[in-house]
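See below for the structure under consideration.
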Amino acid sequence: MELNQIRYFLEVARTQHMTRSAERLHIAQPALTQTIRRLEKELGVPLFAPKGRGIVLTEYGKYLQMQLQPIASKLEKLPAELQEMATPENETIHLRVLAASSLVTEAIIEYKSLRQNLHFQVTQNTESDLFDIEITTKMFYHLPAERSRDQFVCAENIYLAVPNTEKYEKMTSVTLKEVEDEGFISLMGSRQFRAICDKFCRHAGIHPLTVLESDSPADVRNMIAANLGVGFWPQFTWGNAVHDRVKLLEITDPVCRRDIIITKQNLKADCSNVNDFFLFLQDFFLQRKK
């Protein structure tokens, strides 16, 4: 039984008049008559019987009408219900944040002040591909910052944060070989950033001793300020050290850089909110980098 057959049958059952039903359905009467006959043949029972110049429902027809009417009513409501479901989903942006989480949080807070009706769901799940926008990172391969419709790549220098002590007060740059004997304070929560920094150390031929780990950039900064060690610091993502007892040194060997990659997926029927935040996020990162 096809949807058109159901619709046509219910209309004829309502009017009990072929010509009138054909006019309401905007089809030719012979086509409507043939559809009803095919349905009767398919079901193996008569649905209508002639009465005078018109037709009436048989007992089979009455039973079929009783069974189909609730289904037809539900089908009529489905488009509106689906639209109602889509509205909150279109107003929710799903983010997979695998890098630059502090900066992304700042961007969300600022954007929410402009678009209070929007909602954000943030995950760090690397297994699921169900996201609208992903923020991730990889080692820098001398690619220029670039924009496209669905991806934005922004390069970032990574500095070495050191305690502002006599040992470092006159230094503006450093090689990793110079600090191979220092204890390193690492960001525990960001596995991608940690993996990149480990690659820098291997490239420099050093095996740093991790003395402390934290999942908070502020904790890393404060521990370095307390002269407990040194640590890698992505400058525009985390901002300046903002502490008179911490200073940032450029790492000259090896050159320590990474790419921040923002990728958009078009998974929604209406992607306008996702597109707007994607563009905002690009500008937010570029403004922070200046």
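Residues that are crowded, with 18+ Cβ neighbours inside 10 Å and in contact with a strand residue (DSSP E or B) (Cβ under 6 Å, 6 or more places away or on another chain) do occur in region 71-93.
Residue-by-condition table, conditions (1) out of contact with any helix residue (DSSP H, G or I) (no Cβ under 8 Å at 6 or more places or on another chain); (2) among the β-branched types (Val, Ile, Thr):
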site	(1), (2)
Leu103	no, no
Ala107	no, no
Lys112	yes, no
Leu118	no, no
Ile135	no, yes
Leu160	no, no
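Give region 103-124 a look and list any residue that's touching a residue at least 60 places away in the same chain (Cβ under 8 Å) and crowded, with 16+ Cβ neighbours inside 10 Å, or say none. The answer is Leu103, Val104, Ala107, Tyr111, Leu118. Picking from residues in region 199-208 that are farther than 28 Å from Leu281 by Cα and surrounded by 15 or more Cβ atoms within 10 Å (Cβ to Cβ), the one that is modelled with the lowest pLDDT is Pro208.
If we keep just the residues of region 211-251 that are farther than 26 Å from Phe284 by Cα and among the charged types (D, E, K, R), which is modelled with the lowest pLDDT? Per the stated criteria, the residue is Asp244.
Tell me, please, whether a residue that is closer than 16 Å to Pro254 by Cα, surrounded by 16 or more Cβ atoms within 10 Å (Cβ to Cβ), free of Cβ contacts under 8 Å to residues at least 60 places away in the same chain and not hydroxyl-bearing (Ser, Thr, Tyr) can be found in region 209-230. Don't jump to the end; show me each part of the working.
Here is the first cut: in region 209-230, the residues closer than 16 Å to Pro254 by Cα are none.
No, region 209-230 contains no residue that is closer than 16 Å to Pro254 by Cα, surrounded by 16 or more Cβ atoms within 10 Å (Cβ to Cβ), free of Cβ contacts under 8 Å to residues at least 60 places away in the same chain and not hydroxyl-bearing (Ser, Thr, Tyr).
Considered as a group, the residues in region 269-279 that are crowded, with 17+ Cβ neighbours inside 10 Å and touching a helix residue (DSSP H, G or I) at 6+ places or on another chain (Cβ under 8 Å) include one that is farthest from Thr136 (Cα to Cα), and that residue is Asn273. Going through (1) surrounded by 15 or more Cβ atoms within 10 Å (Cβ to Cβ); (2) closer than 30 Å to Glu156 by Cα one by one, Thr35 falls short only on (2). Out of Val56, Val45, one residue alone is part of a loop (DSSP other than H, G, I, E, B), modelled with pLDDT of 90 or more and farther than 30 Å from Thr237 by Cα. It is Val45.
From the residues in region 71-96 that are touching a helix residue (DSSP H, G or I) at 6+ places or on another chain (Cβ under 8 Å) and more than 17 Å from Asn275 (Cα to Cα), which one is modelled with the lowest pLDDT? For region 71-96, the residue satisfying everything is Leu75. Inside region 233-265, can you point out the residues that are among the acidic types (Asp, Glu) and either in a strand (DSSP E or B) or within 13 Å of Leu160 (Cβ to Cβ) (or both)? Glu250, Asp253, Asp259, listed by residue number.
Once region 151-188 is narrowed to residues that are assigned to a loop (DSSP other than H, G, I, E, B) and loosely packed, with under 14 Cβ neighbours inside 10 Å, the residue that is nearest to the chain's Cα centre (by Cα) is Thr172. Can you tell me which residue within region 99-137, out of those that are at pLDDT below 85 and outside any loop (DSSP other than H, G, I, E, B), is nearest to Asp219 (Cα to Cα)? The selected residue is Ser102.
The values are calculated or read from the model by the stated rules, or taken from the named source; none is laboratory data. Quick caveat: nothing in here was measured; it's all calculated off a predicted structure. Don't worry about glycine lacking a Cβ; one is built from the backbone with ideal geometry, like all the others, and counts go over all protein chains shown.
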